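K.L.:
Below: one structure in structure tokens.
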Amino acid sequence: QVQIVESGGGSAQPGESLKLSCEASGIMFSSYNMGWYRQFPGKQREMVATISRHGKVNYVDSVEGRFTISRDNAKMTTYLQMDSLKSEDTAVYYCKAQWAQYEYWGPGTQVTVSP
């Protein structure tokens, strides 16, 4: 059974940091491309950062230089280090595992940035 579980969300003030974790089970993690996505109220889900199974990373422009995605294949975990948070980063953050036609999503974790 595949499970994707995010953790580390919560509240922060502008300029502070949070680190999200995404732990996977039931998949051959090292073969999967991993990604973080976010969804604002009333909006479609958007890509935040992705890391391929080879370690190639990609970011949406709005987080470039502030967020860092990484993975630990031994722990079957993907991370999103979020620094210099802004109020506009407030959203539900989702983790996705993808390989070929297979995609698995976590339930999401809320990140709220406010003074």
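K.L.:
What do you get for trypsin sites (Lys or Arg not before Pro) in the range 1-107 restricted to DSSP loop and a cutoff of at most 12 other Cβ within 10 Å of the site's Cβ? List each step's numbers first, then the result.
P.N.:
Working: sites: 19, 38, 43, 45, 53, 56, 66, 71, 75, 86, 96; in loops: 43, 45, 53, 56, 66, 75, 86.
Sites meeting the loop and neighbour criteria: 43, 56, 75.
K.L.:
Here is a follow-up. Explain nothing, just compute: Karplus ³J(HN,Hα) = 6.51 cos²θ - 1.76 cosθ + 1.60, θ = phi - 60°, for every residue of the range 11-22 in order, whole Hz, x for Gly and Pro.
P.N.:
10, 8, 8, x, x, 7, 10, 9, 10, 8, 10, 9
K.L.:
Excluding ligands and nucleic acids, what accessible area in Å² is computed for residue 103 using a 1.4 Å probe, to the nearest 10?
P.N.:
So the heavy atoms of residue 103 present about 100 Å² to solvent.
K.L.:
To continue, here is another question. If you stretched the chain out fully between residue 99 and residue 47, how much longer would it get, using 0.36 nm times the residue separation minus the C-alpha to C-alpha distance?
P.N.:
On the way: separation 52, 0.36 × 52 = 18.72 nm, distance 1.65 nm.
Gain on stretching residue 99 to residue 47: 17.1 nm.
K.L.:
Do you know the relative contact order of the chain, to the nearest whole percent, from alpha carbon pairs under 8 angstrom that are 6+ apart? Don't jump to the answer; show the numbers that get you there.
P.N.:
Values: 281 pairs, mean separation 41.7, N = 115.
For the chain, the relative contact order is 36 percent.
K.L.:
Heavy atoms only, probe 1.4 Å: what % of the accessible area of the range 72-115 goes to carbon and sulfur, would you let me know? Numbers along the way, then the final one.
P.N.:
Working: 1140 of 2230 Å².
Exposed carbon and sulfur together represent 51 percent of the surface.
K.L.:
Sequence gap at least 6, Cα distance under 8 Å: using those rules, report the relative contact order of the range 57-115 to the nearest whole percent.
P.N.:
Across the range 57-115, relative contact order equals 26 percent.
K.L.:
Which lysines have a Cα less than 24 Å from the Cα of residue 86, not counting those fewer than 8 places away in the same chain?
P.N.:
Within reach: 19, 43, 96.
K.L.:
More than 22 angstrom separation, counting every C-alpha pair in the chain; what % is that?
P.N.:
Numbers: 1711 of 6555 pairs.
I get 26 percent for the Cα pairs in the chain exceeding 22 Å.
The values are calculated or read from the model by the stated rules, or taken from the named source; none is laboratory data. A quick note: this is a predicted structure, and the numbers were derived from the prediction, not measured. No Cβ is skipped: glycine too gets one built from the backbone with ideal geometry, and neighbour counts run over all protein chains shown. Each accessible area value is taken on the protein alone, full model and side chains, heavy atoms only, with ligands, DNA and RNA left out. Shrake-Rupley method; radii C 1.70, N 1.55, O 1.52, S 1.80 Å.
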